[in-house]
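Here is the structure we will look at, set down as structure tokens.
What follows is calculated from the coordinates using simple rules that are stated; it is not laboratory data. Computed from a predicted structure; not experimentally measured. Positions of Cβ are backbone-derived with ideal geometry, glycine not excepted, and every protein chain shown enters the neighbour counts.
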Amino acid sequence: MRTRFPGLALLVGLAIIASACTSASSPSASAAPSAANPCAGATAHSGGTHVFPTDKTKWKIGVTTDVGTVNDKNFNEYTFNGAKQAAAALGAAVPPVVVPKDASELAKNIQGFVNQNFDIIVTAGFNNGQATTCAAHANPDIWFIGVDQGPPCVTPDGQPDGAFKCAGDAKTLLPKYVAISFQEDQAGYLAGMAAATMSKSGTLGAIGGITLCGPCVRYIQGFQLGAQKVNPNSVLKVAWVTTSDFTKAFNDPTTGKNFGAQFITQNKPDVLFQVAGKTGNGILDAACDASILGIGVDVDQALSYPNAAKCTLTSAEKKLLLATSTDIANIVAGTQKGGDDHWDAKRDGIGYSPFHDLESKIPSGLKAQLDAAFAAMKAGTLKTCPDKCGDISTLPK
């Protein structure tokens, strides 16, 4: 059974991704959201009830990213590529993509597509969660796909719930909001198996971006169980970059490198798992500088961050492209339902990355072990998270 931190999509500032590109459309200006009015600026489109094209080639699909660049080989790029793949399969136009210069433009960019009566609006990453919830509340007749946003926490009237009581039924109140989530502990488990196999000392490390990040906690919980499966005597050292600063947690590679170097000096792991987005790039740099192995997160980081490819053993992956393209296809086909759309091993929604430059150093039996574990996950017979899944108190301090 999955348990998640309620209302994670309401936390503003989680920049796990980087992304930037040009837009084929120019969103209109809107009032800025605030703590008192989180949905300021989120308004209904004009023209009455939205009518979807009967011709699938006429569907209008738009993508809004998180701060950074579109070609980041991370959340923004894989989400955008999923939308492009789905549009190509439909014979529809290439989706325009809008990139915010900072978090203040997230809601405005979504509203821009609403104002132009787009049929499907895809928003990349956790940081877009609140703005997507607001837009979906104001426009229950337009489809929204929130990638890695999980089930939104809403009030009884369907707006973001800053008190985290989550008294509203988001699936009913936001009928066309598809909130994609992933089984992070499964991907973390596979990474943990690889780490324990390659470790010579038995001491492993994991650095998370911020203690408030439920997905980060689940990644590390799975990592610990996977490592213990291979080596019951393995020791996991865990640290968090910050307890409050989202920029330092996920968008500060300089801080990541300094933090990672200090962590390595103090704890002496020989394999280090980073769950800290762009900050984690710096952590991987620190691992390379210390001549130990690093493990990436979310996407294949040997590709997304080639600077550290020489020491990146593997990455705990979320299949962002597959989830995005599948849901768009299902929406157009009329089979998709709103609500939490969960991607796990049964749906090939998670996995581990190739070993790339380190392939020659991998023991012959490791891949077979990982494939067997993945098969057990698909069968539902492998436990990859403790009973308090997502509870940080279960992790070493």
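Values computed for the structure shown
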{"item": "Nonlocal amide H pairs with Ile350, under 5 Å, H built at 1.01 Å", "result": "Lys319, Ala345"}
{"item": "Calculated FRET efficiency for the pair Thr394/Thr57, C-beta based, R₀ 35 Å, to 0.05", "result": "0.10"}
{"item": "Max mean-square fluctuation residue, GNM over the chain, Cα-Cα springs under 10 Å, options Asn307, Asn128, Asn81", "result": "Asn307"}
{"item": "Debye, to nearest 20: dipole size of the chain, +1 on Lys, Arg Cβ, -1 on Asp, Glu Cβ", "result": "520"}
{"item": "Dipole axis of the chain (+1 Lys, Arg; -1 Asp, Glu on Cβ), positive-most option in Phe113, Gly222, Phe263", "result": "Gly222"}
{"item": "Nearest-20 debye value, the stretch 157-268 charge dipole, Cβ charges on Lys, Arg, Asp, Glu", "result": "440"}
{"item": "Highest-fluctuation residue, Leu322, Leu382, Leu284 considered, GNM on the chain with Cα pairs under 10 Å", "result": "Leu382"}
{"item": "FRET efficiency, 1/(1 + (r/R0)^6) with R0 45 Å, evaluated for Thr211 and Ser46 via beta carbons", "result": "0.55"}
{"item": "Selected from Ser315, Thr254, Ala373, residue furthest toward positive end of dipole (the stretch 238-397; charges at beta carbon)", "result": "Ala373"}
{"item": "Helical mean residue ellipticity (222 nm; -39500 (n - 2.57) per DSSP H run of 4+; nearest 500) of the chain", "result": "-10500 deg cm²/dmol"}
{"item": "Ordering of 179-191, 234-246 by packing [mean C-beta count within 10 Å, highest first]", "result": "179-191, 234-246"}
{"item": "Average Cα contact separation per residue, the stretch 198-330, under 8 Å, 6 or more apart, as relative contact order %", "result": "23"}
{"item": "Rel. contact order, % - alpha carbon contacts under 8 angstrom, at least six apart, the stretch 33-156", "result": "32"}
{"item": "Gained length - Ala89 relative to Asp141, 0.36 nm times residue gap less alpha-carbon distance", "result": "16.4 nm"}
{"item": "Additional length obtainable on full extension of the chain from Ala375 to Arg347, 0.36 nm per residue less Cα span", "result": "8.9 nm"}
{"item": "Two-site label geometry, Ala333 and Leu366: point separation in nm, points 7 Å out along Cα→Cβ", "result": "3.7"}
{"item": "Trypsin sites (Lys or Arg not before Pro) restricted to the stretch 167-224 and DSSP loop, no more than 13 other C-beta within 10 Å", "result": "Lys200"}
{"item": "Most fluctuating residue given options Gly82, Gly91, Gly222, as computed from a GNM of the chain linking Cα atoms under 10 Å", "result": "Gly91"}
{"item": "Mean separation of Cα contacts under 8 Å, 6 or more apart, over the residue count of the stretch 127-258: relative contact order %", "result": "20"}
{"item": "Full-extension gain in nm, Asp289 to Lys200, via 0.36 nm per residue minus C-alpha separation", "result": "30.2 nm"}
{"item": "FRET efficiency for Lys101 and Thr265, using Cβ-Cβ distance with R0 set to 41 Å, rounded to 0.05", "result": "0.65"}
